[in-house]
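Right, one structure below, let's go through it.
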Amino acid sequence: MLAVVVAGFGFVAIVLRLLSSHIRFVCRKYAAGGVCLSTARLDGKTALITGANSGIGKETAVDLALRGARVILACRDMEKGEDTAAEIRRRVGGAKVEVRELDLADTRSIRVFAQRFLREVNHLHILINNAGVMMCPYMKTADGFEMQLGVNHLGHFLLTYLLIGLLKRSSPARVIVVSSLAHYFGWIRFHDLHSQGSYNSGLAYCQSKLANVLFTRELSRRLTGSNVTVNSVHPGTVKSELVRHSTVMSLLFTLFSMFLKTPREGAQTSIYCATAEELQSISGKHFSDCAPASVAPQGRCEETAQKLWDVSCELLGIEWD
């Protein structure tokens, strides 16, 4: 009997080994998701991408450079940014790519960046708010904001505010906000927005991603008639450095790597929203796998979106009609 059981397990092991390559192929094909099929050229266009020195930001930059755009990488780490720019130039002959310093965890850095950008860049056709932090230990930005809300939402809110005039003057223009499916599990905790009463890194991340969706919705409403569109995207579950702060997530990503998107696959929806001709007048929507995606009920609440807008302006000390 024991011999039969051992033989059975041996047979199953042999079959699985023989099928392993096929299983990996099927898993990878499923995980890859949608692909941007747009062949639109971007010659003469300028694109700004935050957090573009790695991951989906870098792959988005490569694609837009291939299409002829002038691509500006906004990075906190200038050394890594320059290395990325050099890599893009190697991969894309004649690429027009440059690096500028931007720390989204410091409003002073954001303002200095914007002032220089407005002096030296005459047009901005595509703004991709891509940078983000995920599930980091509790820490605050230079201005005292909880780090994930501060970088993922408030930093990009201020950057967009400072550049919105240039976007309007360059219209048609597009703003793409990289959010996440995690917004489904988020709530805007107006009573404790910066998690000072209690902190859960996962819930704080979900709150920041919900804030991205609500920002997209409200900004789209305010941009009606401007010929500037704004849409949010879920890039998918991407194998990247974003989970470096979570040991559990890092372990899970390692164990289930065949089910994860590569950075290039994760960049496809951002690229789609930045280039597809059929989205020329589409605004205020959410996309995943290069197609319209559903939004959580709390992400469709106009009252919450308007309140978050007002609170964000107050925190940043700005007036944005």
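The values are calculated or read from the model by the stated rules, or taken from the named source; none is laboratory data. Quick caveat: nothing in here was measured; it's all calculated off a predicted structure. Neighbour counts run over all protein chains shown; Cβ positions are idealised from the backbone, glycine included. With ligands, DNA and RNA removed, areas are computed over all heavy atoms of the protein, side chains included. Shrake-Rupley method; radii C 1.70, N 1.55, O 1.52, S 1.80 Å.
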| task | Take the range 51-72 and flag every residue that is polar (S, T, N, Q) and open to solvent by less than 20 Å² (accessible area, probe 1.4 Å). | result | THR60
| request: Select the helices (runs of 4 or more DSSP H) contained entirely in the range 215-318, then report the ones holding at least 1 residues which are open to solvent by 50 Å² or more (accessible area, probe 1.4 Å), modelled with pLDDT of 95 or more and closer than 24 Å to ASP63 by Cα. | output: 263-266
| query | Somewhere in the range 130-150, is a residue closer than 30 Å to ASP43 by Cα, surrounded by 14 or more Cβ atoms within 10 Å (Cβ to Cβ) and out of contact with any Ser or Thr (no Cβ under 6 Å at 6 or more places or on another chain)? | reply | yes
| task | Check the range 92-103 and report whether any residue there is closer than 22 Å to ARG217 by Cβ, in contact (Cβ under 8 Å) with a residue 12 or more places away in the chain and open to solvent by less than 30 Å² (accessible area, probe 1.4 Å). | result | no
| task | Please specify each residue of the range 157-183 satisfying the condition of being under 16 Å from the mean Cα position of the chain (by Cα) and open to solvent by 40 Å² or more (accessible area, probe 1.4 Å). | result | LEU181
| request: Output the number of the condition that LEU124 fails; it satisfies all remaining conditions of (1) in a loop (DSSP other than H, G, I, E, B); (2) open to solvent by 10 Å² or more (accessible area, probe 1.4 Å); (3) not basic (Lys, Arg). | output: (2)
